[in-house]
Amino acid sequence: MDRQFVVREQQRLLKELNSFLEIPSVSTLPDHAGDCRRAAGWLMDQFRHLGFPVVQLLEGDGHPIVWAESPEVPGAPTLLCYGHYDVQPPDPLDEWVSPPFTPTVRNGQLFARGAIDDKGQVFCLLKAYEATRDANGRPPINIRFIIEGEEECGGHVITELLRRERKRTKVDAVVVADMGYYAKGWPAVYTALRGMCYVELHVRTLQRDLHSGTYGGVAPNAIETLIRMITDVKGANGKIKMSRLYSRVKPPSEAELADWASLPFDEAEFLSHEVTGKALTGIEGKTVFERTWALPTLEIHGIRGGFTGEGAKTVIPAAAVAKLSMRLVPGIKLSAARKMMQAAFAKVAPSYADWEIKFLHGGEPVQVDVKAPAFATLDRAFLEVVGRKCVAVRAGGSIPIVPELGLSGAPVLLTGIGLPDDGLHSPNEKLDLSQLWEGINVFGRFFEMMGEKR
Ligand code: BES
Ligand code: MN
Ligand code: MN
């Protein structure tokens, strides 16, 4: 591995990455389907340029998957690298200092939607491959890439593909670079991800909106009813009132809790710098790690209904919708969560309301045993380049395809180059460029080290 690669090629690499980030591949918005396809095309061009003999666009009922295979290195192990080219919607737009799809560097940070989640990380793996290949005059190892376009919107194209075609995951190890360091200088490997159950709660209390003076005082208000139902299910103390929810949770082991307790953590700094609020909320008596990594949540993402335009309109809304999701932890299966949600809202719904839960998408919680030899190799690469091995932590976020990536028994390495304050899904998402250069060297060394094992 040539550590000068990132120094020498910096300007070109930035230009290439910018051209990827400029594509507004927002998978959840139908208007951007063409942009998703363009992002897939951008990747295919990269793989062809890198000399990959197999570059495929795999179609399904949604945004396509890009599949690529490096030139065969006989006898060498095979790695599968997963990532996603789709991004979250950039809203709220007016909070971006520079526009979300006009990548801009300020203070060594590259700001753009997708800069870290996940285009910047996919780019990091691509360039790590390029750097090692150029340094050694041959590819270090057999590499396959699977880059999907529906991670952020709960699509099924990749799930169906991997269930149907097991041989794609018959590899020696899978690398998922879609997360981050625990802190600057503290690379991480993840032992668990939370699952997800995303729904809409629809409530109707009237056939039509009414004058709030004529009928105010007697007519049931749909937004008020919706809010009461939700706050009845989730109390002010953060506890979710679903029967047998917490008793199902598989608690973290003593060893895990001890590991977490030894991590450097400053709650005040976490509050001001990352959370950016005035206080933390949630279940009392549980640490931040337990609340974000090892307990379920119920979150309101948005409420629609009534009048929200400029000015004033005096109306009693007849209907309202809330977008809600639960994060699931080991012990709580998606199917159980769906039933518990249905039962909990049935219990609190007033008889005058018509209501319905519409399931949008979900994913199971995952736990990863980090004992396979590939994890030790990853540690060695980080130790050599960063000066520290990975800390084993959990993630509060979800990557629904992870169970399928491990279907053929390969170890799944959940890791990445992000930093805690990157602001994924938020305005002014960024990639710390020093992380990108470091990451290219780390993964380049990882590819070489894995390739030595034959
Ligand atoms: N990269 C994230 C997941 C993540 C975030 C893992 C932080 C670890 C730490 C991923 O792109 C993501 O945002 N996933 C969604 C999945 C959901 C839409 C099913 C999530 O977690 O909200
Ligand atoms: Mn991601
Ligand atoms: Mn994401």
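Coordinate-derived values only; no laboratory data. In this text, all values refer to a predicted model and were calculated from it rather than measured experimentally. No Cβ is skipped: glycine too gets one built from the backbone with ideal geometry, and neighbour counts run over all protein chains shown.
Distance between the pseudo-spin-label points of Val275 and Asp134 (7 Å out from Cα toward the beta carbon): 4.4 nm.
Of the GluC sites (Glu not before Pro) in the stretch 239-301, the ones in a loop by DSSP (not H, G, I, E or B) with at most 11 other beta carbons within 10 Å are Glu284. Annotation for Glu452 and Asp232: the two label points, set 7 Å from Cα along the Cα-Cβ direction, are 6.4 nm apart. Between Lys313 and Val348, the FRET efficiency estimated from the beta carbon spacing at R0 = 22 angstrom works out to 0.15.
Mean shadow of the stretch 102-199, computed from the convex hull of its alpha carbons, in nm²? Numbers along the way, then the final one.
Values: hull surface 38.4 nm².
Dividing the Cα hull surface by four gives the mean projection, 9.6 nm².
Each pair of Cα atoms in the stretch 282-345 enters the Kirkwood radius, and Stokes-Einstein at 25 °C and 0.890 mPa s then converts it into a translational diffusion coefficient of 167 µm²/s. Rounded, prolate or oblate for the stretch 115-171? Axes are the square roots of the Cα gyration tensor eigenvalues, ordered a ≥ b ≥ c, and the cut-off for rounded is a/c under 1.5. Since a/c reaches 1.5 but b/c is at least a/b, the shape of the stretch 115-171 is classed as oblate.
Working from the pairwise distances between different alpha carbons, so that the mean of 1/r is found and then inverted, what is the chain's Kirkwood radius in Å? Walk me through the numbers on the way to the answer.
Values: mean 1/r = 0.0426 Å⁻¹.
It is 23.5 Å.
Counting other Cβ atoms within 10 Å, which chymotrypsin sites (Phe, Trp or Tyr not before Pro) in the stretch 336-396 have at most 11 and lie in a DSSP loop? The qualifying sites are Tyr352.
For trypsin sites (Lys or Arg not before Pro), the sites in the stretch 349-383 that DSSP calls loop and that have at most 14 other Cβ atoms within 10 Å are Lys371.
So for the stretch 321-454, averaging the separation of alpha carbon pairs under 8 Å that are six or more residues apart and normalising by length, what relative contact order in percent results? Spell out each step's value before the answer.
Working: 80 pairs, mean separation 32.0, N = 134.
Relative contact order here is 24 percent.
Reducing the stretch 145-224 and the stretch 259-337 to their Cα centroids gives an inter-centroid distance of 13 Å. From its DSSP helices (H runs of at least four residues, each -39,500 (n - 2.57)), the chain gives a residue-normalised ellipticity at 222 nm of -9000 deg cm²/dmol. Annotation: Cα Rg of the stretch 237-314 relative to the compact-globule expectation 2.2 N^0.38 Å equals 1.54.
Using R₀ = 35 Å, calculate the FRET efficiency as 1/(1 + (r/R₀)^6) where r is the Cβ-Cβ separation of Arg380 and Asp259; round to 0.05.
On the way: r = 20 Å, r/R0 = 0.57.
E between Arg380 and Asp259, to the nearest 0.05, is 0.95.
Dividing the mean sequence gap of close Cα pairs (under 8 Å, 6+ apart) by how many residues the chain holds gives a relative contact order of 27 percent. In terms of surrounding Cβ atoms within a 10 Å radius of their Cβ, Cys36, Cys153, Cys124 rank from fewest to most as Cys153, Cys36, Cys124. Between 0 and 90 degrees, rounded to the nearest ten: what's the tilt of helix 10-21 against the longest Cα principal axis of the chain? Roughly 30 degrees between the two axes. Rg over Rh for the stretch 181-280 works out to 1.14, both radii taken from alpha-carbon positions and Rh defined as the Kirkwood radius. Summing charges over neighbours of Lys239, with a neighbour being any other residue whose Cβ is under 13 Å away from its Cβ, gives +2 when K and R count +1 and D and E count -1. Against the chain, whose longest principal axis comes from its Cα atoms, helix 33-49 is set at around 10 degrees. In straight-distance terms, cross-link reach from Lys430 covers every one of the lysines whose alpha-carbon lies under 21 Å from its own, apart from those fewer than eight places away in the same chain; here that gives Lys15, Lys119, Lys127, Lys184.
Over all pairs of different C-alpha atoms in the stretch 1-84, the reciprocal of the mean inverse distance, the Kirkwood hydrodynamic radius, equals 14.8 Å. Expressed as an acute angle from 0 to 90° and rounded to the nearest 10, what is the orientation of the C-alpha long axis of helix 334-348 relative to the principal long axis of the chain? The two axes meet at around 20 degrees.
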